[in-house]
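Read the structure below first, then the notes.
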Amino acid sequence: MSAECPECGSKVELPEDAVENEILECALCGVELEVISLSPPTLELAPEEKEDWGE
Amino acid sequence: MSAECPECGSKVELPEDAVENEILECALCGVELEVISLSPPTLELAPEEKEDWGE
Amino acid sequence: MLVVKVGGSKGIDYDAFVDDLASYKDFVLIHGGSHELNELSTRLGRPPRFVTSISGQTSRYTDLETLELFNMIYAGKMNKMLVEKFQQKGINAVGLSGLDGRLAEGRQKEALKIVEDGKKKILRGDHSGTIERINVQLLHLLLENGYTPVLTPPAISFEGTAINIDGDRFAAQVAVALGAETLIILSNVPGLLRDIEDPASLVQKISRDEVELSMNQFAKGRMKKKLMGAGEALAGGVRRVVLGSATGPSPVTRALQGEGTVIE
Amino acid sequence: MLVVKVGGSKGIDYDAFVDDLASYKDFVLIHGGSHELNELSTRLGRPPRFVTSISGQTSRYTDLETLELFNMIYAGKMNKMLVEKFQQKGINAVGLSGLDGRLAEGRQKEALKIVEDGKKKILRGDHSGTIERINVQLLHLLLENGYTPVLTPPAISFEGTAINIDGDRFAAQVAVALGAETLIILSNVPGLLRDIEDPASLVQKISRDEVELSMNQFAKGRMKKKLMGAGEALAGGVRRVVLGSATGPSPVTRALQGEGTVIE
């Protein structure tokens, strides 16, 4: 199962047990991607959310 | 079942089905009384609470 | 200055209500929450207990546990929901209960006199009472600094304990304290109905000296308290009271235009 | 000016806490409510969902329904319980959430990055964020007129929606905004422990430049956030932060006397 990296267009392999909303990294350009759907496998740029607080 | 009126001392008859906290009136002096207990039957002056609002 | 009371009964569209009221600038809102409180109490296995006073008025038996649920719904869920909706409309709302800053202070009743199973009884452990003083300085402090007060029961007793009070009368006392021209009381009924079953029997106008008469003639239950509130507001200098429906579009504007029972 | 944060965990005696704090005059309180919220959520059949961020922080997943329960507990039950207790002690408390008067305003996070079942994931529908602005004018307005602010989450986003925020950081930001000398954060742990299992391993003193180090060396979960809050407070001009226990008699006085972890 693979899908296109929306950033650099390269083919990104999805793991066998991939789930929706999973975060993957593009092997080529290293950008963070989110699995939007599994059928068909579709990837989008993951939201830019810097890690900090939130109770 | 009867008890003494705390106001005028007369004997007040309690109804057969009297219950605790029931409001009774003294036949002699007319004051409002509250059944404090049934055994032994005891009466006290009912609190002065004028009727009005409260949701 | 406009004072508005919106009830907490089922079926009120608070978005439509807030959209409408937010178009006015100089107002104070008082709100209820009875329907939501009944639901929460039931869901938590503590169904609400209503008692009937000797004069036939029903009220919620408010013991300490009920007061906690009361704060959760009135001061928590309803108040902050309304504050949030007003903030989204650019109205800088500040939500307060009568406890906050002793905004609404009064006397806790020692006991209730109720009728139950046909017997007159004394009922203790009820935390309700009547407001005797509104902290109008706190209201002015907020209003003068651009904040819009959104108020809710409970009130506070002179001893500093929370007391359940009648929301309609609370609204009337706030209107008098602020010297408001208009008090609008919106609920799930279109106004005073000659026949409670017939919505077309709406009484559209009452003069201030007919309030007592209407109370004895038509009004039942909650409407009686709304009329008592209206009477107190008018006696305290409010020029116009409108009892209208909280449902449907622009409820505040419709009431201001005289839809409902106008009392002047 | 003293700013105090008291947590909402199980086993805190709020009477003892209020008795102690009420003996001080010039303070602002921020409180939590997590334990009560967990209980209510479970009782209503909506057990709380905690998620772990990529850096290992756990936080409550706060969807819209949780926010309603959140307001019921924090702004309703806990806030008004504390206001009532202070009023009984002659402290004229006014309870406010971050929504009220936009007291605590900030940015809602678009999505969370969490780790679940060993996978990194994006989680949406969470209404939490970070405070960027404290409405210190509203606090001064109340303080200068004899009122004592008792504050609670939630905060408000720039779009006017309620957002869950970290209570310890909220307290730190209030302390900085008010120029407070001292910030006390009380919870169900005695302070920073070298070994979380061993209460005797209390770190009694840290200098402000060791905060970062301690965070990485010892602190886990919630304590890490308290240290972040302490660091931010000190960087913002607060002179002294004490992380102490909220349980037992006179918790505020004991913390002021240096019982717990003092950070200067």
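One table, with the values for the structure above:
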quantity: Expected 222 nm ellipticity per residue - DSSP helices of 4 or more, -39500 (n - 2.57), all of chain C, to 500; calculated: -9000 deg cm²/dmol
quantity: Rounded Å value of the spacing that divides the Cα centres of the range C:102-175 and the range D:137-211; calculated: 33
quantity: Shielding by partners - mean other protein chain Cβ count within 10 Å, residues of C:100-108; calculated: 4
quantity: Rotational relation C to D, axis-closest Cβ in chain C, residue and distance rounded to whole Å; calculated: C:76, 1
quantity: Rel. contact order, % - alpha carbon contacts under 8 angstrom, at least six apart, chain C; calculated: 23
quantity: Distances in nm from residue C:213 to the matching label points in the other copies, shortest first (labels 7 Å along Cα to Cβ); calculated: 8.7
quantity: Principal axis dimensions, chain C - Cα atoms, whole angstrom, descending; calculated: 49, 40, 34
quantity: Among the listed pairs C:5/C:109; D:25/D:89; D:5/D:77; D:77/D:109; C:5/C:224, those beyond 19 Å (Cα-Cα); calculated: C:5/C:109; D:77/D:109
quantity: Rg [Å, one decimal], Dmax [Å, integer] - the range B:2-45, C-alpha atoms; calculated: 8.9, 24
quantity: Loop trypsin sites (Lys or Arg not before Pro), the range C:146-226, which have at most 15 other Cβ atoms in a 10 Å radius of their Cβ (DSSP); calculated: C:194, C:220
quantity: Mean shadow area of the range C:1-104, taken as a quarter of the surface of its Cα convex hull (nm²); calculated: 8.0
quantity: Of the GluC sites (Glu not before Pro) in the range D:53-128, those whose Cβ has at most 12 other Cβ within 10 Å and which sit in DSSP loop; calculated: D:110
quantity: Taking the convex hull of Cα positions in the protein assembly as shown, its mean projected area over all directions (nm²); calculated: 35.7
quantity: Shielding by other protein chains, C:60-72, mean Cβ within 10 Å; calculated: 3
quantity: Relative contact order, percent, the range D:37-157 [alpha-carbon distance under 8 Å, six or more residues apart]; calculated: 30
quantity: With at most 15 other Cβ atoms within 10 Å, longest stretch of chain D clear of loop chymotrypsin sites (Phe, Trp or Tyr not before Pro) (DSSP); calculated: D:25-157
quantity: Per-peptide average of other Cβ atoms within 10 Å, ordering D:244-257, C:178-191 highest first; calculated: C:178-191, D:244-257
quantity: Peptide D:155-167, shielding by other chains (average Cβ, 10 Å cutoff); calculated: 3
quantity: In the range D:80-124, trypsin sites (Lys or Arg not before Pro) in a DSSP loop with at most 12 other beta-carbon atoms within 10 Å; calculated: D:124
quantity: Probe 1.4 Å, accessible area per residue of the range C:2-263, Å²; calculated: 37
quantity: Label geometry 7 Å along the beta-carbon vector: residue A:2 inter-copy distances in nm; calculated: 10.5
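The values are calculated or read from the model by the stated rules, or taken from the named source; none is laboratory data. The shown structure was predicted, so the numbers you read here are calculated from the model rather than taken from an experiment. Methodologically, a virtual Cβ is constructed for each residue, glycine included, from the backbone with ideal geometry; neighbour enumeration extends over all protein chains shown. Keep in mind that these areas ignore ligands, DNA and RNA; they rest on the heavy atoms of the full protein, side chains included. Shrake-Rupley method; radii C 1.70, N 1.55, O 1.52, S 1.80 Å.
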